[in-house]
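The values are calculated or read from the model by the stated rules, or taken from the named source; none is laboratory data. Remember, predicted model here, so these are calculated numbers, not experimental data. All Cβ positions, even for glycine, are placed from backbone atoms using ideal geometry, and neighbour counts span all protein chains on display. All accessible areas refer to the heavy atoms of the entire protein, side chains included, with ligands and DNA or RNA removed. Shrake-Rupley method; radii C 1.70, N 1.55, O 1.52, S 1.80 Å.
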Amino acid sequence: GDRRVLRSRQINGRWSVPPVTVDGATTGLSADGRVLVLARPERYLPPTSTELAVLDARRLLVRRRISLPGFFTVDAISPDGRWLYLIQYPGQNLLDYRVRALDTRTGRLAARDVVDPREPDEQMGGLPIARVMSRDGRFAYTLYSGGEENFIHALDTVRRSAACIDLAELPPGSDLSGFRLDLSADGRQVRVLSAGSVVSTVHARSGALSERAAASATQQAALDTPRRAVVRSSDDAGFLT
């Protein structure tokens, strides 16, 4: 949606549509087309502050400018533009981060991180490789690699909840730079693709792996008995049901 509405990633040479993943996915435009969030690019990392602008997307008028101390990147936005999701990097290690929710109407961060309350000290880590969104703009599925585990981060931008689906068949150290994600038409399956071939299929609502592929240099698929992925949700019921 971002690329269809905004052909240029730069506006007046100062603000840009925020990039999300290594493969070039962007975010910032709400699914209803009403709210657009831009970020001011920084020349040096990590910056001492992060500058954001919330715009009326239809008229391109600035509603609010937001300045946050420290280094944040934009990760996703809810369909109505109310909630903006940010990745906060509290230290020098860019593989360690916190997921935060920001109210675009007030410009304030929610007090609680977007984490699993049953595992509040669980630390996610890795680089965002690829992203796929549900058609309604509610669910953001992101493939992460480079940390202790390769996993899909499933974010519900409406309920401010998230779950991690560990991809045990893709061991740490695997090169996922060419991988991408695809979502089935009914929104129930997230497919991990490599060179056009399905490496793994995840049931988006249950977190179960219906297909398992051997992660090797040749990427030869090996189908095994379906396995249950490790799923962590930020609320008791979870949205992966």
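Here are a few things to note about the model shown:
- Reported count of residues in segment 2-26, each being modelled with pLDDT of 85 or more and under 24 Å from H153 (Cβ atoms), is 11.
- Candidates V37, V62, V54: the one that is of a type in the set (V, I, T), part of a strand (DSSP E or B), farther than 24 Å from F139 by Cα and modelled with pLDDT of 90 or more is V62.
- Failed item, numbered, when L55 is tested on (1) in contact (Cβ under 8 Å) with a residue 40 or more places away in the chain; (2) farther than 23 Å from L181 by Cα: (1)
- Restricting the first member to segment 134-146 and to residues that are over 16 Å from V199 (Cα atoms) and among the acidic types (D, E), and the second to residues that are open to solvent by 20 Å² or more (accessible area, probe 1.4 Å) and assigned to a loop (DSSP other than H, G, I, E, B), the beta-carbon pairs closer than 8 Å and six or more apart or on different chains are D136/A31; D136/P79.
- Screening R40, R98, R59, R82 for residues that are touching a Pro at 6+ places or on another chain (Cβ under 7 Å) and open to solvent by 20 Å² or more (accessible area, probe 1.4 Å) leaves exactly one candidate, R98.
- If the condition is being surrounded by fewer than 18 Cβ atoms within 10 Å (Cβ to Cβ) and not small (G, A, S), then segment 101-119 contributes D103, R105, T106, R108, L109, R112, D113, P117, R118, E119.
- Matching residues, segment 132-184, being open to solvent by 30 Å² or more (accessible area, probe 1.4 Å), at pLDDT below 90 and not hydroxyl-bearing (S, T, Y): G146, E148, E149, A168, P171, P172, G173, D175
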